[in-house]
Amino acid sequence: MLTLSVLKNAVRTSKGRSHTSLYRMSCIKPQTPVANDQQTYYTEVHGLQSIAPLVSSVEETPEPIPTTVKGNIPTWIRGSLLRNGPGKFEFGNQIFNHWFDGMALMHRFQIEDGQVTYRSRFLRSDSYKQNSERNRIMVSEFGTLALPDPCKNIFQRFLSRFEMKPTDNASVSFVKYKGDYYVSTETNFMHIVDPETLKSKQKVDWSKFIAVNGATAHPHTDPDGTVYNMGNSYGSKGAFYNIIRVPPEREGPEDTLEGAKILCSIVPYNKSKPSYYHSFGMSENYVVFIEQPIKMDLFKIMTSRLRGKALSEGIYWDPNQETIFHLIDKQTGKESPVKYYAKALSTFHQINAFEQDGFLMLDMCCSDNGQAINNYLIQNMRQSGEALNEVYNTMSRSFPRRFVLPLNITDTALEQNLNTRPNSTATAVCFTKNQVYCTFEDLHGNDLKDYGGLEFPHINYSQYNTKPYRYFYGCGFRNLVGDSLIKMDLESKKFKVWCQPDLYPSEPVFISTPNSVEEDDGVILSVVITPNEDKSTFLLVLDAKTFEELGRAEVPVNIPYGFHGVFNTII
């Protein structure tokens, strides 16, 4: 452990050095091996099962069909699990390059009186309709550049290379604003969807209400229904990260995003190369934005079509840049002058954030390398044998970690570890009043490495979001997609696992038992699929306390591996 005198000396000799060098000198003994030491930190895997059928196109099931229930599905569960994800990966003889590019397929598992019905429907986005009409890829996606239409003349094809039309293929998640369900991605377009029929009702453009060029598919909601989100804006003054606030009240029957406001605009560390982000954190009083070293080269992105490249070509990992945590007061909209720095890391999903005893605890799934986003190419996910093993073993795993951010910093607190929480190994060393350098603590034991880390985290959101909590749930990743369900106990850092050979469960969704008192009193829902058998999907129901199976509803159709969803309760 570094002594206080060493830390003081580091401060005295740090003038002119980058934040990264300051961080490296300030780190009290890190809790994990260095990012490049993957051979010692990650378990290498061989003999992986091919998951190609899990990322293959399927047909939609627009009318409800019955399922076969085995075991017992509690009768108190009344509502529908709504899920979203890619379901069509080619048009004609053209195949999308990236997993994120597949056309949005929405799913609905209706649960009532211990029985389940299933239906699915492709989102009738403009992208889907244009591709279907011409039976070719007409609209560019994240990793796929649509080639100029051969039916156009040479001049028209040349001009089309200058067009930048964002896709409205909202394939990431279901989100809720003012009582309406939307399907969303990360562009400025969302679609309002009927949660019963899954029919698209209205296309909504964020930029018609506020000056943003997109928003995340992972907003956060306060108890009063106020929704917070984030979106970038690009203009003559460069790029900005914007905190968005959407009021809970409707202004009229046709209201969509009316009343949405930009709460705060954050200046990027590099305006021409802002960070990519998939989500953000939120505590009771703060929005927490994680500016990570996954960078977007705006010049490359803006000229991608002209250069004949996909948008993904402009996104890269810069391990020499630090991670910066920005705190924004939800009431005033003011950004805290204090910046919290950490070594380079990447994160897609936060678990929870809460304030306690003058600290803000930020829990998230993160890894030491941000190149994974470019590894989820369709050709990689359809590999088998040693080729699949190599893809998996060269990817950094994601693990649950906690950063402890001190909120009350005084001049007397400089040059020392401000994290005084008992039994916490995270550090927060303050070199100036506005610069705090942090290391994390693991929210797991070494045994989680054997399950490939954890992603797709979920908590008892309705009761414990922004509050101290004990449990969270996620998928273990011993393949390119989740192959186990995990329940983590933060008090013991031990976990329970549901795992069966050749079965691949999706993101776990927690539903509380009516009038529940204990945090884990409820069930976990997860859609489970397999590459081994045709039409063998099922909806799994686990007891959230014991993590034992209560029942399953077998669906006689194929479903691809999806992303995110929500539970729509029938009142």
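The values are calculated or read from the model by the stated rules, or taken from the named source; none is laboratory data. What you are looking at is a predicted structure, and each value in this text was computed from that prediction instead of being measured. When we count neighbours, we look across all protein chains shown, and the Cβ atoms used for this are built from the backbone with ideal geometry, even at glycine. Remember, those area values only see protein heavy atoms, side chains included, never the ligands or the DNA or RNA. Shrake-Rupley method; radii C 1.70, N 1.55, O 1.52, S 1.80 Å.
The set of residues in the range 259-284 that are more than 20 Å from Thr187 (Cβ to Cβ) and either among the polar types (S, T, N, Q) or part of a loop (DSSP other than H, G, I, E, B) (or both) comprises Gly259, Val267, Tyr269, Asn270, Lys271, Ser272, Ser283, Glu284.
Within the range 538-545, identify whether any single residue is over 23 Å from the mean Cα position of the chain (by Cα), surrounded by fewer than 19 Cβ atoms within 10 Å (Cβ to Cβ) and more than 19 Å from Pro62 (Cα to Cα), and answer yes or no. Within the range 538-545, one or more residues are over 23 Å from the mean Cα position of the chain (by Cα), surrounded by fewer than 19 Cβ atoms within 10 Å (Cβ to Cβ) and more than 19 Å from Pro62 (Cα to Cα). When you scan the range 198-207, do you find a residue that is among the β-branched types (Val, Ile, Thr), closer than 19 Å to Glu251 by Cα and surrounded by fewer than 19 Cβ atoms within 10 Å (Cβ to Cβ), even just one? No, that holds for no residue. Residues in the range 306-335 that are in contact with a Ser or Thr (Cβ under 6 Å, 6 or more places away or on another chain), closer than 18 Å to Gln435 by Cα and outside any strand (DSSP E or B): Glu322 only. Every condition in (1) open to solvent by 10 Å² or more (accessible area, probe 1.4 Å); (2) of a type outside the set (Phe, Trp, Tyr); (3) assigned to a strand (DSSP E or B); (4) in contact (Cβ under 8 Å) with a residue 40 or more places away in the chain is met by Ile243 except one, and the failing one is (1).
What is the residue count in the range 312-324 for residues that are in contact with a Leu (Cβ under 8 Å, 6 or more places away or on another chain) and closer than 16 Å to Ala239 by Cβ?
1
The set of residues in the range 502-550 being under 17 Å from Thr67 (Cβ atoms), in a loop (DSSP other than H, G, I, E, B) and small (Gly, Ala, Ser) consists of Ser506, Ser536.
The set of residues in the range 376-407 that are assigned to a loop (DSSP other than H, G, I, E, B) and either acidic (Asp, Glu) or out of contact with any Ser or Thr (no Cβ under 8 Å at 6 or more places or on another chain) (or both) comprises Tyr376, Thr394, Met395, Leu407. Is it the case, given these coordinates, that Thr432 is β-branched (Val, Ile, Thr), at pLDDT 95 or above and under 24 Å from Asn285 (Cβ atoms)? It is false that Thr432 is β-branched (Val, Ile, Thr), at pLDDT 95 or above and under 24 Å from Asn285 (Cβ atoms). Could you please find all residues in the range 91-101 being part of a loop (DSSP other than H, G, I, E, B) and either farther than 21 Å from Gln379 by Cα or over 24 Å from the mean Cα position of the chain (by Cα) (or both)? Residues satisfying the conditions are Gly92, Asn93. Residues in the range 102-144 that are of a type in the set (Lys, Arg) and under 26 Å from the mean Cα position of the chain (by Cα): Arg108, Arg119, Arg121, Arg124. Summed over the range 359-375, the residues that are of a type in the set (S, T, N, Q), in a loop (DSSP other than H, G, I, E, B) and either in contact with a strand residue (DSSP E or B) (Cβ under 7 Å, 6 or more places away or on another chain) or within 19 Å of Pro400 (Cβ to Cβ) (or both) give a count of 2.
Within the range 355-383, being open to solvent by 10 Å² or more (accessible area, probe 1.4 Å) and over 19 Å from the mean Cα position of the chain (by Cα) holds for Glu355, Gln356, Asp357, Gly358, Phe359, Gln379, Asn380, Arg382, Gln383. Taking the range 465-523 as the range and being under 19 Å from the mean Cα position of the chain (by Cα) and closer than 21 Å to Glu44 by Cβ as the test, the residues that pass are Cys475, Gly476, Phe477, Arg478, Asn479, Leu480, Val481, Gly482, Asp483, Ser484, Ile486, Tyr504.
Residue-by-condition table, conditions (1) part of a strand (DSSP E or B); (2) of a type in the set (A, V, I, L, M, F, W, C):
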{"site": "His444", "(1), (2)": "no, no"}
{"site": "Lys449", "(1), (2)": "no, no"}
{"site": "Leu454", "(1), (2)": "yes, yes"}
{"site": "Ser462", "(1), (2)": "no, no"}
{"site": "Lys467", "(1), (2)": "no, no"}
{"site": "Gly474", "(1), (2)": "yes, no"}
{"site": "Asn479", "(1), (2)": "no, no"}
